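Taking it in order: structure first as structure tokens, then the write-up.
The values are calculated or read from the model by the stated rules, or taken from the named source; none is laboratory data. Here the structure is a predicted model, which means the values were calculated and not measured. Cβ: placed from backbone, ideal geometry, glycine included. Neighbour counts: every protein chain shown.
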Amino acid sequence: MLSENDMPPLQMLAVFESSGRHLSFTAAARELGTTQPAVSQQVKALEEFLQTPLFRRVYRGVELTDEGHILLKTTQSSFTEIRKVISYLRKKRTSPRLNVATDFAFAAYWLMPRLPEFRRLHPQIELRLHTAHNSVDIVMQDIDVAILFSDGVHKGFVANPLISERVFPICSPRLLEEYGPFDSLEDLSRAPLLKLHSDVDEKWMNWERLFEKHQTLWSPSQSVMEFDNYTLLVQAAIAGQGVALGWRSLVDDMIEQNMLVPLMDFSVSSTNGYFAVHSQSMAEDEVVQTFTNWLLSQEGSDSAS
């Protein structure tokens with residue numbers, strides 16, 4: 001437990017931070033709404049407390065000593081963290097806010113069509129959605145829940161399984177008519193294929209692994225068109241530009257609308273999938289639990305229907 005001998009008053013540190021940032025006691029006094037002598041007195045008291053000089057008086061101002069530079073950097077970072085926490089707590093009291101991060105494909109194809117129901121059930125929760133075309137940084141600032149495609153291993157975080165990976169080729173009805181029927185993967189490889197760029201699909205199922213799971217050599221006879229995000233790839237498949245890989249729950253609506261045809265004979269599964277991930281410190285947060293439980297109930301209702 002800290003005592004008075006361990007820490008100077010917070011106001012004294014605030015005066016020092018302003019003085020060090022401006023390198024001027026006069027400017028600090030103006031910012032803090034006090035007088036230059038009062039600022040000088042507070043700085044002097046802090047130097048006496050620390051038993052070390054923090055400023056050197058120079059012509060028309062002051063400059064920091066080495067010790068002053070060290071204290072200023074620490075004081076500024078500490079005040080920044082305090083402001084963030086205070087802002088978070090104040091916003092939490094007035095209006096619950098939830099920051100959710102996921103990839104663009106999941107947001108567009110799965111989350112957005114379902115969000116109106118969540119907003120109807122929980123109108124008091126302000127939802128902010130952060131998307132990325134490819135991977136999502138789980139330690140991104142101010143993210144409460146991340147919906148990630150992964151193997152479910154996230155050290156220091158709680159990962160709730162949402163959608164298991166089940167993948168199958170998809171194509172437009174027009175392409176199926178032109179190149180089909182596809183009775184084997186060899187037949188399929190003679191059609192134009194669409195794939196994610198190798199830097200993007202590290203954890204996602206790709207054509208090579210799908211062929212391998214069916215004990216067939218990956219050898220497409222036509223050129224393969226690559227994309228750096230899944231949303232564009234699906235749009236290319238709908239336009240009849242090639243055969244793509246479809247992920248269960250992401251492409252179900254487009255299959256129901258006959259925009260895409262699933263080739264279920266070649267479906268494969270893995271232990272990867274989408275997970276609702278949050279830090280362990282948020283495990284008891286009521287808003288995080290409300291949203292996570294809703295996510296899990298949505299996938300459960302989809303499976304039952």
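Checked against the criterion of being free of Cβ contacts under 8 Å to residues at least 12 places away in the same chain and touching a helix residue (DSSP H, G or I) at 6+ places or on another chain (Cβ under 7 Å), the candidates Q36, Q42, Q76 yield just one match: Q36. Going by what's in this entry, would L54 be described as on the phi < 0 side of the Ramachandran plot and in contact with an Asp or Glu (Cβ under 8 Å, 6 or more places away or on another chain)? Against the criterion (on the phi < 0 side of the Ramachandran plot and in contact with an Asp or Glu (Cβ under 8 Å, 6 or more places away or on another chain)), L54 qualifies.
Among the residues of the range 78-91, not a single one is at pLDDT 90 or above and surrounded by 17 or more Cβ atoms within 10 Å (Cβ to Cβ). Taking the range 210-264 as the range and being surrounded by 16 or more Cβ atoms within 10 Å (Cβ to Cβ), in a helix (DSSP H, G or I), of a type outside the set (A, V, I, L, M, F, W, C) and without any contact (Cβ under 8 Å) to a residue 60 or more places away in the chain as the test, only D252 passes. Cβ-Cβ contacts under 7 Å between residues 6 or more apart (or on different chains), taken from a first residue in the range 82-98 that is over 20 Å from L10 (Cα atoms) to a second residue that is surrounded by 12 or more Cβ atoms within 10 Å (Cβ to Cβ) and modelled with pLDDT under 65, are listed as R97/K91.
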